[in-house]
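A short write-up of the structure that comes next.
The values are calculated or read from the model by the stated rules, or taken from the named source; none is laboratory data. Every value quoted in this text rests on a predicted model; they were computed, and no experiment measured them. Reconstructed Cβ throughout: ideal geometry from the backbone, glycine too, with neighbour counts over all protein chains shown.
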Amino acid sequence: MGELGQASFEGEAYRPQEEIFFDDGREIELLHFIYSHPQLDQMRGNPQKVLDAIDEYGRTRKYLMNIGEYKSKTVINLIKNEKPRVMVELGGYVGYSAVAFGAALRDAGGKRYYSLEKNPEFAAVISMLVDLAGLGDIVKVVVGSSSSSLERLYGEGALKHIDLLFLDHYKPAYTADLKLCEELGLVSVGSVYAADNVVKPGNPPYLEYVRSTVDEKKKRLSNGENSSCKGNPNLVYESRLVEGWEPSGVPDAIEITKCVGVES
């Protein structure tokens, strides 16, 4: 693709992002908006209509920090092509991605979508919208910090391997959580990662890590960098940037990374 943001944003944008744009009551307000919507009955068991209602709120009421319909297409196409059995998202917010990607995972023959969300109130919103969309059989919402939830799911034997990892939570945690997945053996050759917001607001440490060679990662480790979380520097990655837009119309991108090998 060309320069970031070269193509024009098409469609109706969300309301502008305010100085305070989440955890101010709008998430519960969204639930009231949807459950009093005149098309509520049509939403039952219909993921796309649930997504349309979330977008309607974001366009007519208040901004929502969702991935939005434009960047969602990149991940949905990834699901169609890779056909993951198990997908994990770090950061679920109000469930836009869980509904969109959970439906795509089901259509692709996948078995389980884990939505890890730290905020219990947001997690409750996710659960209600997932159930409304008819995806309760495939989407499991897990409440807690991303790292503790990953360790707990692994320790319980519920999560043994991640085929597709979607990172959309606290940006400084992207690299540490990926390294944790590496250390636990949850990711391996064939695993794919989709990291949102690598342009807005940006995530240089994560991009540096997934774009580094094995030698570069080992060199940084030998120099004592990030010694608290070593990960598995022997994993070989191929990574690319896919342009897109925030639902507010601001240019952004998703970094798509695939584990293609292991070096000794």
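Hey, any hits in segment 179-187 for a residue that's closer than 19 Å to Val242 by Cβ and touching a residue at least 60 places away in the same chain (Cβ under 8 Å)?
Residues of segment 179-187 closer than 19 Å to Val242 by Cβ: none.
No; the residues of segment 179-187 include none that is closer than 19 Å to Val242 by Cβ and touching a residue at least 60 places away in the same chain (Cβ under 8 Å).
Go through Ser239, Ser212 for me and flag whichever is under 21 Å from Ile76 (Cα atoms) and either at pLDDT below 95 or in contact with a strand residue (DSSP E or B) (Cβ under 9 Å, 6 or more places away or on another chain) (or both).
Numbers: Ser212 fails: under 21 Å from Ile76 (Cα atoms).
Criteria check complete, one pass: Ser239.
I want to confirm something. Restricting to segment 197-223 and keeping residues that are β-branched (Val, Ile, Thr) and assigned to a helix (DSSP H, G or I), which single residue is farthest from Gln17 (Cα to Cα)?
Of all residues in segment 197-223, those β-branched (Val, Ile, Thr) come to 198-199, 210, 213-214.
Going one step further and asking which of them are assigned to a helix (DSSP H, G or I), we end up with 198-199, 210, 214.
Working: Val198: 18, Val199: 16, Val210: 29, Val214: 39 Å.
Once the filter is applied, the top-ranked residue is Val214.
Got at least one residue in segment 143-158 being in contact with a strand residue (DSSP E or B) (Cβ under 9 Å, 6 or more places away or on another chain) and either aromatic (Phe, Trp, Tyr) or over 20 Å from Glu117 (Cβ atoms) (or both)?
No, segment 143-158 contains no residue that is in contact with a strand residue (DSSP E or B) (Cβ under 9 Å, 6 or more places away or on another chain) and either aromatic (Phe, Trp, Tyr) or over 20 Å from Glu117 (Cβ atoms) (or both).
Considering only residues of segment 101-142 that are free of Cβ contacts under 8 Å to residues at least 60 places away in the same chain and in contact with a Pro (Cβ under 7 Å, 6 or more places away or on another chain), which is farthest from Leu186 (Cα to Cα)? Walk me through it before giving the result.
Kept after step one, since they are free of Cβ contacts under 8 Å to residues at least 60 places away in the same chain, are these residues of segment 101-142: 102-118, 120, 123-124, 126-127, 130-131, 136-142.
Narrowing the set further to residues that are in contact with a Pro (Cβ under 7 Å, 6 or more places away or on another chain) leaves 103, 105, 110.
Numbers: Ala103: 23, Leu105: 19, Gly110: 17 Å.
Per the stated criteria, the residue is Ala103.
How many residues, within segment 82-116, are more than 23 Å from Tyr14 (Cα to Cα), assigned to a helix (DSSP H, G or I) and either in contact with a Lys or Arg (Cβ under 6 Å, 6 or more places away or on another chain) or not small (Gly, Ala, Ser) (or both)?
4
Of everything in segment 60-72 that's touching a residue at least 60 places away in the same chain (Cβ under 8 Å) and surrounded by fewer than 20 Cβ atoms within 10 Å (Cβ to Cβ), which residue is farthest from Phe101 (Cα to Cα)? Quick ask: steps written out before the conclusion?
Going through segment 60-72, the residues touching a residue at least 60 places away in the same chain (Cβ under 8 Å) turn out to be 63-64, 66-71.
Then drop every residue that is not surrounded by fewer than 20 Cβ atoms within 10 Å (Cβ to Cβ), which leaves 69-70.
Details: Glu69: 11, Tyr70: 13 Å.
Checked segment 60-72; the qualifying residue farthest from Phe101 (Cα to Cα) is Tyr70.
What are the pairs, 6+ residues apart or on separate chains, where a residue within segment 201-226 that is more than 28 Å from Asp252 (Cα to Cα) has its Cβ under 9 Å from a residue that is of a type in the set (Lys, Arg) and not in a helix (DSSP H, G or I)?
Leu221/Lys230
Surrounded by 23 or more Cβ atoms within 10 Å (Cβ to Cβ), touching a residue at least 24 places away in the same chain (Cβ under 8 Å), of a type in the set (A, V, I, L, M) and in contact with a helix residue (DSSP H, G or I) (Cβ under 9 Å, 6 or more places away or on another chain): which single residue out of Ile28, Ile79, Ile34 fits that description? Steps first, answer last, please.
On the way: Ile28 fails: surrounded by 23 or more Cβ atoms within 10 Å (Cβ to Cβ); Ile34 fails: surrounded by 23 or more Cβ atoms within 10 Å (Cβ to Cβ).
Unique residue meeting the criteria: Ile79.
Assess whether Ile79 counts as being over 25 Å from Leu186 (Cα atoms) and assigned to a helix (DSSP H, G or I).
Numbers: over 25 Å from Leu186 (Cα atoms): no; assigned to a helix (DSSP H, G or I): yes.
Answer is no for this residue.
Evaluate segment 37-47: report whether one residue or more is closer than 14 Å to Val125 by Cβ and surrounded by 15 or more Cβ atoms within 10 Å (Cβ to Cβ).
From segment 37-47, those closer than 14 Å to Val125 by Cβ are none; that's our starting set.
Taking every residue of segment 37-47 in turn, none turns out to be closer than 14 Å to Val125 by Cβ and surrounded by 15 or more Cβ atoms within 10 Å (Cβ to Cβ).
Give just the number: which of (1) more than 12 Å from Phe166 (Cβ to Cβ); (2) crowded, with 24+ Cβ neighbours inside 10 Å; (3) over 11 Å from the mean Cα position of the chain (by Cα) does Pro84 not satisfy?
Just one mismatch for Pro84, condition (1).
Is it the case that Gly58 is in a helix (DSSP H, G or I), under 22 Å from Trp245 (Cα atoms) and of a type in the set (Gly, Ala, Ser)?
Working: in a helix (DSSP H, G or I): yes; under 22 Å from Trp245 (Cα atoms): yes; of a type in the set (Gly, Ala, Ser): yes.
Spelling it out, Gly58 is indeed in a helix (DSSP H, G or I), under 22 Å from Trp245 (Cα atoms) and of a type in the set (Gly, Ala, Ser).
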